[in-house]
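Participant: I have a structure I would like to understand better, so I am pasting it below and will then ask my questions one at a time.
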Amino acid sequence: MAGFSLYCFINPRILFTLPSESPLFVLGSDKCSPATRRRSRKTRGFVVTYAHSNPKIINPKKKSRYGQTLSPYDSDEDEALDDESDEEDDDWLLNDDFAEVTEYEKKKPKSQKQTIAKKGVKKGIVKNWEKHEESETDEDDLDIGISRNVSSEKKKERESWRLDGRGKVSSRKYVEKLYPRLSEEIDIDPKWVPLLDYLSTFGLKESHFVQMYERHMPSLQINVLSAQERLDYLLSVGVKHRDIKRMLLRQPQILQYTVENNLKAHISFLMGLGIPNSKIGQIVAATPSLFSYSVENSLRPTIRYLIEEVGIKETDVGKVVQLSPQILVQRLDITWNTRYMFLSKELGAPRDSVVKMVKKHPQLLHYSIDDGFLPRINFLRSIGMCNSDILKVLTSLTQVLSLSLEDNLKPKYMYLVNELNNEVHILTKYPMYLSLSLDQRIRPRHRFLVELKKVRKGPFPLSSLVPNDESFCQQWAGTSVDTYLAFRQRLLLKEFANKYDKRV
């Protein structure tokens, strides 16, 4: 084998001269061409890639990020360490709620494409990164240039790549094909697509994503694995699959609430009120905004106010929350005081009566005084009821304040007086008459007893409207339930036909 000469310079870049038939390497330099690299693999003999005759080139006391001392000389274990670091670096994408896919792209002729795949498997989802374009520089240039061009490459990355739910990287044009309408409304970040694909399984459409974006844009930046973990937890506590869509449209921030620090704490709070597990999902679905309120600084003070200021018994608090979960996110000091003062002044209602109203129908704390309370109180006055009678009705059947005047209260009053031959004062004894369905309960039972000639002359007994169908047939009609139900069905069809003829 031909000899070779070695030239050492003070400059850190060290030049080795090899035999004439061997390629020339400038070691430590970034200028080794791909052609030279390919020829070097075929050459037999002694080949040096990085040799440092001066140990001071690398600080002997310097340690790697893994705590190992860096040797100033080459090691056969470098490649193995690099492989390990690649696998460890993958975890950051899976653990970060706002993880971004790090890609580096440079221009390269289309004939020279290279695929770089990083292995990262978690919960059955495989993430692959695929490069479509590369630089004209060789592999060493790419390795060395990465640390210098991270910031500029991230900008290019946002314009070029996405990670979809099937583990493939696609361009923005492909994203526009997936969500054309959404792309017209907003500028979609390709990294949002895995989350959009997942949320689509709950029935959300492109128009819904626009609503979520307008209400709270960061909710679409959540890592899909984190979103799945949070929604899976809500499903596990009783939230129905069909309710997820409505919850996200009302409170898209739910996707950002962590399970351990937020969701579990709020669910535990609800259970502490004595609410059964079977009702937790309904409460959460009805009031998803409660997760945005602090348990200690907001929710618990609200419960204390219900007990100490309003006068609800501690044993009844859970029932009140079940009837109206929205009460947890209200300013009770304002809503309670204004409505209590109004009822006290308008009807002379004592505090105990108003507390009973809140216990039976806590929704009254949501009703508007001008549009809810006053019109219905004035209607009851207009049909001949005094304030004391109105107070009796409201204390027994507080939901009267939520019934429609035109579609409910007025038609029932007219039927009470004209068809059932009753006086208005009977409502103080049977206030529940106002809550019964005119088409499904009041009219069918009245007509059925009239047809059977079971009704005496005079006022129709409202007590016949109270029991269920089986008891009504046994005690009042003396027929089978099927006979009554068949009659009611014929009556409903007849009434429907009459209404249709009037419209035509």
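The values are calculated or read from the model by the stated rules, or taken from the named source; none is laboratory data. These figures come from a predicted structure and were not determined experimentally. All Cβ positions, even for glycine, are placed from backbone atoms using ideal geometry, and neighbour counts span all protein chains on display. For accessibility, only protein heavy atoms count, side chains too; no ligands or nucleic acids. Shrake-Rupley method; radii C 1.70, N 1.55, O 1.52, S 1.80 Å.
Participant: Does any residue in the range 341-361 that is more than 22 Å from Asn378 (Cβ to Cβ) and part of a helix (DSSP H, G or I) come within less than 6 Å, Cβ to Cβ, of a residue that is open to solvent by less than 90 Å² (accessible area, probe 1.4 Å) and small (Gly, Ala, Ser) six or more places away or on a different chain, and which pairs are these?
Facilitator: Val355/Gly311
Participant: Considering only residues that are surrounded by 15 or more Cβ atoms within 10 Å (Cβ to Cβ) and hydrophobic (A, V, I, L, M, F, W, C), look in the range 404-416 and name the one that is farthest from the chain's Cα centre (by Cα).
Facilitator: Leu416
Participant: May I ask you to verify whether Phe269 is in contact (Cβ under 8 Å) with a residue 40 or more places away in the chain and of a type in the set (Phe, Trp, Tyr)?
Facilitator: no
Participant: Is there a residue in the range 475-483 that is of a type outside the set (S, T, N, Q), within 15 Å of Ile442 (Cβ to Cβ) and under 46 Å from the mean Cα position of the chain (by Cα)?
Facilitator: Scanning the range 475-483 turns up no residue that is of a type outside the set (S, T, N, Q), within 15 Å of Ile442 (Cβ to Cβ) and under 46 Å from the mean Cα position of the chain (by Cα).
Participant: For the range 288-295, check the following and say yes or no: at least one residue is assigned to a helix (DSSP H, G or I), without any contact (Cβ under 8 Å) to a residue 24 or more places away in the chain and either hydrophobic (A, V, I, L, M, F, W, C) or open to solvent by 40 Å² or more (accessible area, probe 1.4 Å) (or both).
Facilitator: no
Participant: A further question follows. For the subset of the range 230-259 comprising residues that are polar (S, T, N, Q) and assigned to a helix (DSSP H, G or I), which member is farthest from Val210 (Cα to Cα)?
Facilitator: Among those residues, the one meeting the criterion is Ser236.
Participant: Let me ask you something else. Looking only at residues that are surrounded by 13 or more Cβ atoms within 10 Å (Cβ to Cβ) and free of Cβ contacts under 8 Å to residues at least 40 places away in the same chain in the range 437-446, which one is farthest from the chain's Cα centre (by Cα)?
Facilitator: Per the criteria, the residue is His446.
Participant: Which one of Leu449, Leu492, Leu394, Leu485 is in contact (Cβ under 8 Å) with a residue 40 or more places away in the chain, more than 27 Å from Phe373 (Cα to Cα) and either outside any helix (DSSP H, G or I) or not aromatic (Phe, Trp, Tyr) (or both)?
Facilitator: Within the list Leu449, Leu492, Leu394, Leu485, the selection yields Leu492.
Participant: If I filter the range 420-430 for residues that are over 42 Å from the mean Cα position of the chain (by Cα), in a helix (DSSP H, G or I), crowded, with 18+ Cβ neighbours inside 10 Å and not aromatic (Phe, Trp, Tyr), do I get at least one hit?
Facilitator: Taking every residue of the range 420-430 in turn, at least one turns out to be over 42 Å from the mean Cα position of the chain (by Cα), in a helix (DSSP H, G or I), crowded, with 18+ Cβ neighbours inside 10 Å and not aromatic (Phe, Trp, Tyr).
Participant: Quick one: is Ser388 of a type in the set (Gly, Ala, Ser), open to solvent by 60 Å² or more (accessible area, probe 1.4 Å) and out of contact with any Pro (no Cβ under 8 Å at 6 or more places or on another chain)?
Facilitator: Judged against the criteria, Ser388 is a match.
Participant: Taking the range 469-504 only, how many residues are closer than 22 Å to Tyr413 by Cα and open to solvent by less than 100 Å² (accessible area, probe 1.4 Å)?
Facilitator: The total comes to 5.
Participant: All but one of (1) of a type outside the set (Phe, Trp, Tyr); (2) surrounded by 17 or more Cβ atoms within 10 Å (Cβ to Cβ); (3) closer than 30 Å to Met247 by Cα; (4) modelled with pLDDT under 85 hold for Met212; state the number of the condition that does not hold.
Facilitator: The number of the failed condition is (4).
Participant: On the basis of being open to solvent by less than 60 Å² (accessible area, probe 1.4 Å), of a type outside the set (A, V, I, L, M, F, W, C) and in a helix (DSSP H, G or I), does Asp371 make the cut?
Facilitator: The answer is no for Asp371.
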